[in-house]
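Any read-out appearing in this document is the output of simple, stated calculations on the displayed coordinates, not a laboratory observation. What you see is a predicted model, and the numbers here were worked out from it, not measured in a lab. Cβ: placed from backbone, ideal geometry, glycine included. Neighbour counts: every protein chain shown.
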Amino acid sequence: MADRVRARLVADVDPSTAVERALVARLVREEAPLLNDDAAEAAVAAVLADVSGLGPLETLLADVDVSEVMVNGPGYVWVERRGRLMRTSVALAATEIDHLIEKVVGPLGLRVDRSSPAVDARLPDGSRVHAIVPPLAVDGPYLTIRRFRSVAVLLDDFCDTSVAGLLRAAVAERRNIIVCGGTGSGKTTLLNALAGEIGEGRIVTVEDAAELRLNQSHVVRLEARPANAEGVGQFTIRELVRNALRMRPDRIIVGECRGAEALDMLTAMNTGHEGSMSTCHANSPHDALRRLETMVLLAGEGLPLDAVRDQLHAAIDLIVEVARSGSGGRRIVSVGEVVEPGSAGDRIHLVADASHVLAPLTRRTR
């Protein structure tokens, strides 16, 4: 019955117009007049979800506690709910997954097929979508949706008041901050909370997928663009950072440094844009510093390592590590200040660790 209703909608309704619930309800009654009210309402909801949304996944995406939806090929769908992975009762066939992927990437001018088997995209609500299909996906098409949080997470949700006070002071004093952590540890959420403490000024955000939600009155949001189905039109994070420098920013916030854009981010931090922020994947402040060194070297500018390290020391003030606990909660576990290397060569001074033992920030002259 649902298939017949969908076929009639495709045949009779202009695809550029929204599908009205009353129309779907009328078609359901015409196709299945013997359904009781509850069954008819369920059928209407299913058809609307399939036509206007993401079908069976709509019920999962409607759950505010679900932060990630994972389709591991044909079979049951998994979700992350309140930091814990669990299997749902929703099961999809390979054809249904292909249909869902096409609904996401088609309107964006992208395609997913054997010649272009992986894609990143963004839903209208800001959720990030990654899809990968055979031959790269061994067991069928995979689809991962990382939800955008509708409720803002505050800085105090990540740490106690002493650490929150330290970080608020660092933001107010225009310290340059890097947030590090593993996948799903809450880096972007913490970055949003830190950026939310910024006062007046022109803020330019640069992201792969626009996830940051800032309430300040003067925010300019830039989002990278992948190549289209013809392989043209790509605009990278690095190019956006360079454009941001020409937009009279007071602070630049890069959603994540994962490549050559690290050099341009450091350059911005060193050329009058104090108080800028970014994130990177790393397991500790020390690892974050080493990874940033590597990314800058990979920018291909031929800089010697000593010059790169001088740039890092001059640019970065604090590195904040966030991690996910076994219970699923996200917490700040350490805050490191980048200092001149001492006799032991250590360039990170921990001003807050997991037990939140604080030391005063060392005042530096740029």
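Check G140: other-chain or 5+ apart residues with amide H under 5 Å from its amide H, H built from backbone geometry?
It is none; the list stays empty.
Roughly how many nanometres apart are two label points built 7 Å out from the Cα toward the Cβ at D120 and L108?
Between D120 and L108, the label points sit 1.0 nm apart.
Rounded, prolate or oblate: which fits the range 61-148, taking a ≥ b ≥ c as square roots of the Cα gyration tensor eigenvalues, rounded meaning a/c under 1.5, else prolate when a/b beats b/c? Can you show the working numbers first?
On the way: a/c = 2.08, a/b = 1.31, b/c = 1.59.
In terms of gyration-tensor shape, oblate.
So how do M247, M295 line up by other beta-carbon neighbours within 10 Å, fewest first? Can you show the working numbers first?
Working: M247 11, M295 20.
Result, fewest neighbours first: M247, M295.
With a ≥ b ≥ c the root eigenvalues of the C-alpha gyration tensor of the range 215-290, is it rounded (a/c under 1.5), prolate (a/b larger than b/c) or oblate? Before the final figure, lay out the partial values.
Details: a/c = 1.87, a/b = 1.16, b/c = 1.61.
Oblate.
Please identify the GluC sites (Glu not before Pro) of the range 102-203 that satisfy two criteria: DSSP loop assignment and at most 13 other Cβ atoms within 10 Å. Which are they?
Numbers: sites: E102, E173, E197, E200; in loops: E173, E197, E200.
Within the range 102-203, the qualifying GluC sites (Glu not before Pro) (loop, at most 13 other Cβ atoms within 10 Å) are E173, E200.
Is the shape of the range 152-280 best called rounded, prolate or oblate, per the rule: a/c under 1.5 gives rounded, else a/b larger than b/c gives prolate, else oblate, with a ≥ b ≥ c the square roots of the Cα gyration tensor eigenvalues? Walk me through the numbers on the way to the answer.
Details: a/c = 1.91, a/b = 1.49, b/c = 1.28.
Prolate, since a/c reaches 1.5 and a/b exceeds b/c.
State the extension gain, in nm to one decimal, for the chain segment bounded by M86 and E301, taking 0.36 nm per residue of separation less the distance between their alpha-carbons. Before the final figure, lay out the partial values.
Details: separation 215, 0.36 × 215 = 77.40 nm, distance 4.55 nm.
Contour length minus Cα-Cα distance gives 72.8 nm.
Taking 0.36 nm per intervening residue step and subtracting the Cα-Cα distance, what contour gain separates A22 from T267 on full extension? Walk me through the numbers before you get to the answer.
On the way: separation 245, 0.36 × 245 = 88.20 nm, distance 5.65 nm.
Once the chain is fully extended between A22 and T267, it gains 82.6 nm.
Order of H130, H218 from fewest to most other C-beta atoms within 10 Å? Write down the numbers at each step before the final one.
Values: H130 15, H218 12.
Arranged by neighbour count, lowest to highest, H130, H218 become H218, H130.
What ranking do I348, I316 get, fewest neighbouring Cβ atoms within 10 angstrom at the top? All intermediate terms of the calculation are to be shown ahead of the outcome.
Numbers: I348 20, I316 26.
Fewest to most other Cβ atoms nearby, the residues stand as I348, I316.
Given the C-alpha centroids of the range 194-244 and the range 269-322, what is the distance between them in whole angstrom?
19
What is the spin-label model distance, in nm, from D139 to H218 if the labels are put 7 Å beyond Cα along the C-beta direction?
5.2
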